[in-house]
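Below is one structure; the comments refer to it alone.
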Amino acid sequence: MALGANTIFDVRSGGSDTANGGAFDPGQTAGMLTDGAASSGTGNSPVFSSASYNFVAGDVGAWIYVSSGTHWQAGWYQIASVASNNATLSAAVGQAYLAVNKNPNGLNTTAGCSSDGTASLTAATWAIDYSQQNAAQISYSDLNTSGAGLTVTSAAHPFGKQQVGNALTIASGTNFTAGTYVIASLSGTTATLVGAANSSTGAGSSDGVAGLGGAFATPGKAASKKVAGNDVFWQANGTTPYNLSGNTVNTAGCQVSDTTGGVDQTNVTWWVGWNTNRHINCPDTTWPILNANAQTSLTLLSFGANYTRARNLIADGNSKATLTGISQNANYSKVDHLKAQNCTVIGLDIQGGNGVTATSCSATTCSGTAGIRLSNSNVVIAFACEAYANTTVGISLSVNAVTICCISSGNTGAGFSTSSVSGNCYSCIAYGNTADGFDMSGSVGNCMFVNCLAEANGASGWKTGAVRGLIQLLNCGGYNNTSGNYTSTNLVDVQNFVANTTGSFFTNPGSGDFSLNSTANQGALARAAGFPGLMPRGTTTAYTDIGLQHQDSGGGATFIAPGPFVFGRGSPY
């Protein structure tokens, strides 16, 4: 293995798949320097120094990674300037990335790099992360190795201990094995790598070509190097997509299939799209787009290994043949804030097993099987997802799939379609679909619909092809469905149904606003009318809405999707 399990890849449109290192490993603490010091550690601009390293002007813009140290706040701090061999850091509130479990977890909420208000700090374990930039920090053409093994040197650019943790991508060289290797430690100016860079058992060479620092240019390159537990932070290029240039999975410029995933619960893999905030809990609403371009017959983003987290990514099939946008098919995985568009097979395909959820995801302008498909023998949950304007079924559920607070609107197929043994919907909305709102004709039953609304669909609000005694409708509502709200002869367990005959339940459904209006005999009918109402003991009453929870004029409850964003179809939805 040429990489440590904590390695973090950086992908930027201005990076290079051939000349840059592409990654940094904050887990290589055993080889890092341990003499970091800072004056004014509680201020906006701490001055960082080291007895072992003299900072140079070329370090400006790189990030100091502090792993640990008494009174230190672990994290990444960008170098703003260099003077008298010392580095001035940008550490005002919101400028540094805090490290949790060796991942950038969020922004600092107090100025400085002190964890407890101590102003003068010493004995930090640290290194410089050169991966968070477009260009390589150092380009080598004289890498030297004395034979098979893990060590390299360079006469033109001697290695230093401040480089520990940085990836070195070797492109070529006599007896060198091309690949990406992390620097684990230094002895003088000789670097020891994680993984053998020279495969020869004989003499070494001195013509190795490599790059240290700088991001990769495409996610396919990062996927080709990734091992279990590695993370990928992928920066948006504004609204300009990353276009595929080929169709060889996990190759520079091609589609991504993560088959290594995470290690376990303590070291999951993160795929995080970002624009200005490079951390796990990124709130950015501009996300990187992977576009099929001219390619066909592929899945753009596939997450098929356990312990995987993916968020803030867009897959655009470009309406090419046999295109699936995003696939998830593994245990103990979660995806959130993903979008699929213009895909011709499935937009978002969630097939994973134990502990799988899809939160605040969307699919639009897709065709084929469904905008969003949920299917697994174990329970798969979609929470606050939306399928709209697809020329197929909006959301397809089978085998224990569950949707909560999801919206399916304006699709040419059914809004929601259940098949196989079950499929449950809670507080979901089917609006303006050409076919049925909720189609259960492909299911043997055992479905539950709670607090759901079907409005303005081109067929029935709820449809089943035969009598199904295991299907329940609890406190649901319907309006203006062409073939009626439901067939009472087939659906025998319907409790507290709200049959609106006056006007729309919603504020502005034509513009995608499915909040309940307050109009009497319309949206007001669904307010505080939801299940469960009176709890079994008889001493507590729940005043839940049918559909999505409304906001009272004085504040009150507003439904918020888990994650950084309010549920809705604003950018990038």
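Table for the structure above
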read-out: Residue in segment 121-147 that is farthest from Asn44 (Cα to Cα), counting only those that are of a type in the set (Ser, Thr, Tyr) and modelled with pLDDT under 95; value: Ser146
read-out: Residue, surrounded by the fewest Cβ atoms within 10 Å (Cβ to Cβ), within segment 107-128, restricted to residues that are of a type outside the set (S, T, N, Q) and part of a strand (DSSP E or B); value: Ala123
read-out: Unique residue being at pLDDT 95 or above, surrounded by fewer than 24 Cβ atoms within 10 Å (Cβ to Cβ) and within 16 Å of Phe24 (Cα to Cα) when the list is Gly214, Gly229, Gly246; value: Gly229
read-out: In segment 116-155, the residues that are hydroxyl-bearing (Ser, Thr, Tyr), free of Cβ contacts under 8 Å to residues at least 60 places away in the same chain and more than 27 Å from Asp10 (Cα to Cα); value: Ser146
read-out: Qualifying residues in segment 466-494 (those that are among the polar types (S, T, N, Q) and without any contact (Cβ under 8 Å) to a residue 24 or more places away in the chain) - the one farthest from Asp545 (Cα to Cα); value: Thr489
read-out: Meets criteria (buried (at least 24 other Cβ atoms within 10 Å of the Cβ) and within 11 Å of the chain's Cα centre (by Cα)) for Leu290; value: no
read-out: Candidates Gly75, Gly31 - the one that is within 23 Å of the chain's Cα centre (by Cα) and modelled with pLDDT of 95 or more; value: Gly75
read-out: Yes/no for Gly36 being in a loop (DSSP other than H, G, I, E, B) and either over 21 Å from Ala252 (Cβ atoms) or not assigned by TED's automatic domain parsing to the domain that holds Cys113 (or both); value: no
read-out: Residue selected from segment 519-540 under the condition surrounded by 11 or more Cβ atoms within 10 Å (Cβ to Cβ) and over 24 Å from Pro509 (Cα atoms), by the criterion modelled with the lowest pLDDT; value: Gly533
read-out: Where Thr359 falls short, out of the listed (1) in contact (Cβ under 8 Å) with a residue 60 or more places away in the chain; (2) surrounded by fewer than 19 Cβ atoms within 10 Å (Cβ to Cβ); value: (2)
read-out: Residue that is nearest to Thr344 (Cα to Cα), among those in segment 303-317 that are buried (at least 24 other Cβ atoms within 10 Å of the Cβ) and among the small types (Gly, Ala, Ser); value: Gly317
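The values are calculated or read from the model by the stated rules, or taken from the named source; none is laboratory data. Note that the structure is a prediction, hence the values are computed from the model and not measured. So basically every Cβ, Gly included, is an ideal-geometry build from the backbone, and we count neighbours across all protein chains shown.
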